[in-house]
Amino acid sequence: MTLDPRKLHPESLMMSHGYDPFLSEGAAKPPIFMTSTFVFRKAEEGEKFFRWAYGLEERGRDQSMGLIYSRLNNPSLQILEERLSLWDGAEAALSFASGMAAISTMALATLAPGDVLLYSMPVYGGTEFFFEKILPRFGIVTKAFPMDLPAAELESLARGYGDKLAMFYLESPANPTNVLIDIAAVAALARKLSSARPVRTAVDNTFLGPVFQNPLALGADLVLYSATKFIGGHSDVIAGAVTGPKSLVDPISVYRTMLGTVPDPFTCWLLLRSLETVKVRMEAQAKSAERIARALAENPRVEKVYYPALLEPGTSQRAIYDRQCTGPGSIISFEVRGGKAAAFAFLDSVALCKLAVSLGGTESLVEHPATMTHSDVPPEIQARFGITEKMIRLSVGMENADDLIADLRQALEASAR
Ligand SMILES: *Cc1c(COP(=O)(O)O)cnc(C)c1O
């Protein structure tokens with residue numbers, strides 16, 4: 001290659017980066033390396049690889065590490081991670097068996113007993129369960145703060161924990177209301193509070209990344225993904241990812257090996273296929289979503305639409321959106337006139353959209369957050385974060401936008417009967 005890969009756009013490199021066809025019989029596409037273990041040429045080579053893998057010996061500059069066993073590494077995994085890192089401009093990326101595997105492995109590798117983790121509310125239900133019910137069993141103190149907490153109050157809350165504070169964990173936009181938190185402001189606060197020990201900022205970038213939001217560029221230290229959603233994009237795989245600097249990602253990699261939270265080679269291969277189209281998919285889905293959100297806002301059966309592109313100019317949310325995001329994404333929440341019965345009638349009437357949880361795939365999905373994805377959130381907390389019984393969450397897929405608008409319109413009409 002005569003072009004400098006660092007000067008090319010990620011989408012230009014998704015078909016080539018990190019893979020040499022001539023190491024695989026000239027296959028244009030990387031094979032799926034369906035193997036649990038790798039053959040050593042000589043016993044001495046096996047000994048050397050293990051000494052390097054377990055850190056018993058420093059590897060020389062001219063010496064290259066070989067493959068040992070697929071819980072440690074595999075070519076399908078390695079190619080995927082090299083390509084994943086390009087999107088966030090990250091030094092390193094790790095892939096995982098699920099988004100929850102990425103989040104839990106990152107937390108266990110980065111936090112120690114006595115450490116304090118402050119996280120924005122609302123976050124993904126599995127994340128909240130892990131932070132509230134599991135991390136405290138290992139002596140890690142976790143505390144939620146509302147996304148709209150004024151900056152000065154967040155700072156005084158954080159200062160109250162002194163040098164025990166280890167991490168801010170953010171998710172933006174929030175699910176299902178698309179509320180935004182100022183990632184750059186929290187990352188700046190984390191740096192300000194880093195004295196004897198560093199305070200890290202980790203961001204779940206599942207909703208807008210890797211195309212419309214780059215937390216590393218905003219000052220965050222680590223980025224997490226449920227690759228099940230937009231990165232996978234076809235609703236046929238469960239996977240996760242972490243990106244960031246090598247110094248923070250390498251220790252997470254050790255925990256991944258020991259916890260066994262690696263993805264299998266076929267999952268990695270599916271994600272490689274998906275990464276070739278992630279930009280066009282997300283852009284096409286966002287373009288449709290913007291039209292659909294406007295059509296919903298004009299529909300008399302709809303009371304309210306939550307979608308970043310519809311944020312009022314002059315509001316603080318709009319200012320965060322303009323600074324932080326390069327596109328609105330394709331998750332829309334809206335309230336149907338007539339409460340839960342109308343919302344259910346709507347869900348039972350869609351013909352092109354499917355009634356299912358999850359998001360970010362090629363097919364449009366609708367669900368009812370209050371009784372499905374967010375049903376374990378107590379009613380008073382649901383009310384606090386605007387999750388109502390009349391709310392529908394829509395993930396816009398790759399179907400024709402006019403067809404989707406027609407489907408939503410007829411289902412809304414049915415919801416009135
Ligand atoms: C789905 C999701 C997760 C969990 O990912 P899995 O791949 O289902 O484990 C985490 N965070 C967000 C924002 C999600 O939407």
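Under 17 Å between alpha carbons: how many lysine pairs meet that in the stretch 278-415, if sequence neighbours fewer than 8 apart on the same chain are excluded?
On the way: LYS279/LYS287; LYS304/LYS340; LYS304/LYS390; LYS340/LYS390.
The number of close lysine pairs in the stretch 278-415 is 4.
How do ASP236, ASP376 rank when sorted from fewest to most other Cβ atoms within 10 Å of their own Cβ?
Numbers: ASP236 13, ASP376 9.
So the ranking, lowest neighbour count to highest, is ASP376, ASP236.
Hey, could you pull the Cα Rg and Dmax for the stretch 69-110, both in Å?
Radius of gyration, then largest Cα-Cα span, for the stretch 69-110: 10.9, 28 Å.
Could you work out [θ]222 nm for the chain from helices alone, using -39500 (n - 2.57) per DSSP H run of at least four and dividing by all its residues? Round to the nearest 500 deg cm²/dmol. It would help to have the intermediate numbers written out before the result.
Details: 14 runs with 150 residues, N = 417.
Value at 222 nm, helices only, nearest 500: -11000 deg cm²/dmol.
Net charge around TYR124, counting only other residues with Cβ within less than 12 Å of its Cβ (Lys, Arg = +1; Asp, Glu = -1)?
On the way: positive: LYS229; negative: GLU128, GLU171, ASP204, ASP376.
Value of the local net charge: -3.
Check which residues have an amide H placed less than 5 Å from ALA144's amide H, if you skip close sequence neighbours.
Hits under the 5 Å cutoff: TYR119.
So what are the radius of gyration and Dmax for the Cα set of the stretch 156-213, in Å?
12.8, 37
How long is the gain from PHE40 to ALA416 if the chain were fully straight, where each residue apart is worth 0.36 nm and the alpha carbon distance is subtracted?
Details: separation 376, 0.36 × 376 = 135.36 nm, distance 6.81 nm.
Extra length available between PHE40 and ALA416 comes to 128.6 nm.
List the lysines whose Cα lies under 28 Å from the Cα of LYS48, skipping any in the same chain that are fewer than 8 positions away.
LYS246
Relative contact order (percent) for the chain, with alpha-carbon contacts under 8 angstrom and 6 or more residues of separation?
Here the relative contact order equals 16 percent.
Would you mind counting up the charge near ALA151? Only other residues with Cβ under 13 Å from its Cβ, with Lys and Arg at +1 and Asp and Glu at -1. All intermediate terms of the calculation are to be shown ahead of the outcome.
Details: positive: ARG159, LYS192; negative: ASP148, GLU153, GLU155, ASP182.
Around ALA151, the surrounding residues sum to -2.
Test of understanding: in a Gaussian network model of the chain with alpha carbons linked when under 10 Å, which of ALA190, ALA93, ALA295 would top the mean-square fluctuation ranking?
ALA295
Report the longest stretch of the chain that contains none of the GluC sites (Glu not before Pro) sitting in a DSSP loop with at most 16 other Cβ atoms within 10 Å. The partial results should precede the final answer.
Numbers: sites that count: GLU25, GLU57, GLU58, GLU91, GLU276, GLU363, GLU399.
Answer - 92-275.
Enumerate by residue number the chymotrypsin sites (Phe, Trp or Tyr not before Pro) in the stretch 1-93 meeting two conditions: DSSP loop (anything except H, G, I, E, B), and at most 11 other Cβ atoms within 10 Å of the site's Cβ.
On the way: sites: TYR19, PHE22, PHE33, PHE38, PHE40, PHE49, PHE50, TRP52, TYR54, TYR69, TRP87; in loops: TYR19, PHE33, PHE38, PHE40, TYR54.
Qualifying residues, ordered by number: TYR54.
Taking springs between alpha-carbon atoms closer than 10 angstrom, which of SER333, SER235, SER156 fluctuates most in the Gaussian network model of the chain?
Looking only at SER333, SER235, SER156, the biggest GNM fluctuation is shown by SER156.
Under 24 Å between alpha carbons, and skipping anything fewer than 8 positions from LYS133 in its own chain: which lysines qualify?
The reachable lysines, counting only those whose Cα sits under 24 Å from LYS133, are LYS143, LYS164.
Mind listing which chymotrypsin sites (Phe, Trp or Tyr not before Pro) in the stretch 142-248 are in a DSSP loop and have 15 or fewer other Cβ atoms within 10 Å?
On the way: sites: TYR161, PHE168, TYR169, PHE207, PHE212, TYR225, PHE230; in loops: TYR161, PHE207, PHE212, PHE230.
Answer by residue number: there is no such site.
Let's test the formula: R0 of 51 Å, r as the Cβ-Cβ distance of ALA27 and VAL357. What FRET efficiency results, to the nearest 0.05? Don't jump to the answer; show the numbers that get you there.
Details: r = 37 Å, r/R0 = 0.72.
Efficiency, from the Cβ-Cβ distance: 0.90.
Students often forget the sequence filter, so: which aspartates and glutamates lie under 12 Å Cα-Cα from LYS29 once same-chain residues fewer than 8 apart are removed?
ASP20, GLU276
So what is Rg over Rh here for the chain, counting just Cα atoms and using Kirkwood for Rh? Spell out each step's value before the answer.
Details: Rg = 22.4 Å, Rh = 22.7 Å.
The Rg/Rh ratio comes out at 0.99.
Each reported figure results from applying straightforward, stated rules to the coordinates on display, with no laboratory input. What you see is a predicted model, and the numbers here were worked out from it, not measured in a lab. No Cβ is skipped: glycine too gets one built from the backbone with ideal geometry, and neighbour counts run over all protein chains shown.
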